[in-house]
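Visitor: Please find one structure pasted underneath; my questions will follow.
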Amino acid sequence: MFLQACASESVRTNVAENVAPTPEPTSGGTINVDEPAEPDAATTEERKRRDEVTEKFRVPSKGFEHVDFQNWTYPYPFRDGPRSHEIKLKGGKFEYDNDLEGAGWFDFDGAFYVNLTNDKKKDAVVLLTDVSCGGSCDGGSGLLYVLSPTGSKPLVLGEFETGSPGYGCGLRSLQIADRKITMEVFGVCTAQKHSLRLDGKSGGMSKFRFSDTTKLVFRFTDRFVLQSREVIHVAERSVKNYAPLISVE
């Protein structure tokens, strides 16, 4: 699933950091890669295998049987402005066009049902894509929502937003396994309260070009808690039109 390369030299440094006040996280590291890796390191066969494993987690669990996440209203606390309150999906899409923020849209990417909070109930993890366009589009940032089947309407327990392929911290891969959420994003990125921030030094000379990859491992309690962060050094490459690898195990 993740970057396939041989490490010629490994220099271990503590680069872990917290999203919110938490116990001390584990140490991450830095890996030097001999040759630049293609962004799409996963083969077609690997993607197919992971899709097959992931498929069973798409079946709605108890409490979500009658919830249609493609026609649902999501909170949007990530940015200021007209979009900062809610996303009203209809048929899996919500479009906008205004003077302040330009044009763009949100797409529904899928819902997966897993136990993240260790309360013996399966939660829903919903993925959306937010594509923002000015003179051109940014390739889309990823939104993750964790919802609980509490009461008559699912309760949003937490949310997180990646960056975009055009401007940094775009999603390379996402894995949900063992009550952990592991993300790989393009560029050197650090976690904020609800989102990721790019270190400008990993940005290339043009849009959609970035060096390095950042791997972040989260656990979810009542919020996203960062356990470790690892920077994988890779030469600058284009990430335009890259399709993230998603898996649930």
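The values are calculated or read from the model by the stated rules, or taken from the named source; none is laboratory data. Just so you know, these numbers come straight off a predicted model, no measurement behind them. Heads up, the Cβs are rebuilt from the backbone with ideal geometry, glycines too, and the neighbour counts pull from every protein chain shown. Only protein heavy atoms, including side chains, enter the accessible area calculation; ligands, DNA and RNA are left aside. Shrake-Rupley method; radii C 1.70, N 1.55, O 1.52, S 1.80 Å.
Visitor: Of the numbered conditions (1) assigned to a loop (DSSP other than H, G, I, E, B); (2) open to solvent by 10 Å² or more (accessible area, probe 1.4 Å), Gly166 fails exactly one; give the number of that condition.
Guide: Result: Gly166 fails condition (2) only.
Visitor: Checking Phe218 against (1) within 22 Å of Ala111 (Cα to Cα); (2) modelled with pLDDT under 95, which test does it fail?
Guide: Checking Phe218 against (1) within 22 Å of Ala111 (Cα to Cα); (2) modelled with pLDDT under 95, the one that fails is (2).
Visitor: A follow-up question, please. Give the number of residues within region 110-137 that are over 22 Å from Asp178 (Cβ atoms), open to solvent by 10 Å² or more (accessible area, probe 1.4 Å) and not hydroxyl-bearing (Ser, Thr, Tyr).
Guide: Adding up the residues that qualify gives 5.
Visitor: Of the residues that make up region 204-214, is at least one of a type in the set (Val, Ile, Thr) and more than 14 Å from the chain's Cα centre (by Cα)?
Guide: Among the residues of region 204-214, not one is of a type in the set (Val, Ile, Thr) and more than 14 Å from the chain's Cα centre (by Cα), which makes the answer no.
Visitor: Go through (1) open to solvent by 10 Å² or more (accessible area, probe 1.4 Å); (2) of a type outside the set (A, V, I, L, M, F, W, C); (3) in contact (Cβ under 8 Å) with a residue 24 or more places away in the chain; (4) under 25 Å from Thr117 (Cα atoms) and name the single condition Gly151 misses.
Guide: Single failed check for Gly151: (3).
Visitor: So which of Thr214, Thr190 ends up being more than 25 Å from Lys48 (Cβ to Cβ) and in contact with a Lys or Arg (Cβ under 6 Å, 6 or more places away or on another chain)?
Guide: Working: Thr214 fails: in contact with a Lys or Arg (Cβ under 6 Å, 6 or more places away or on another chain).
Result of the check over Thr214, Thr190: Thr190.
Visitor: May I pose another question? Count, please, the residues in region 169-192 that happen to be of a type in the set (Val, Ile, Thr), more than 19 Å from Leu116 (Cβ to Cβ) and either assigned to a loop (DSSP other than H, G, I, E, B) or open to solvent by 10 Å² or more (accessible area, probe 1.4 Å) (or both).
Guide: Within region 169-192, the subset of a type in the set (Val, Ile, Thr) is 176, 181-182, 185, 188, 190.
Keeping just the survivors that are more than 19 Å from Leu116 (Cβ to Cβ) gives 185, 188, 190.
The next check asks that each one be either assigned to a loop (DSSP other than H, G, I, E, B) or open to solvent by 10 Å² or more (accessible area, probe 1.4 Å) (or both); those that pass are 188, 190.
Number of matching residues: 2.
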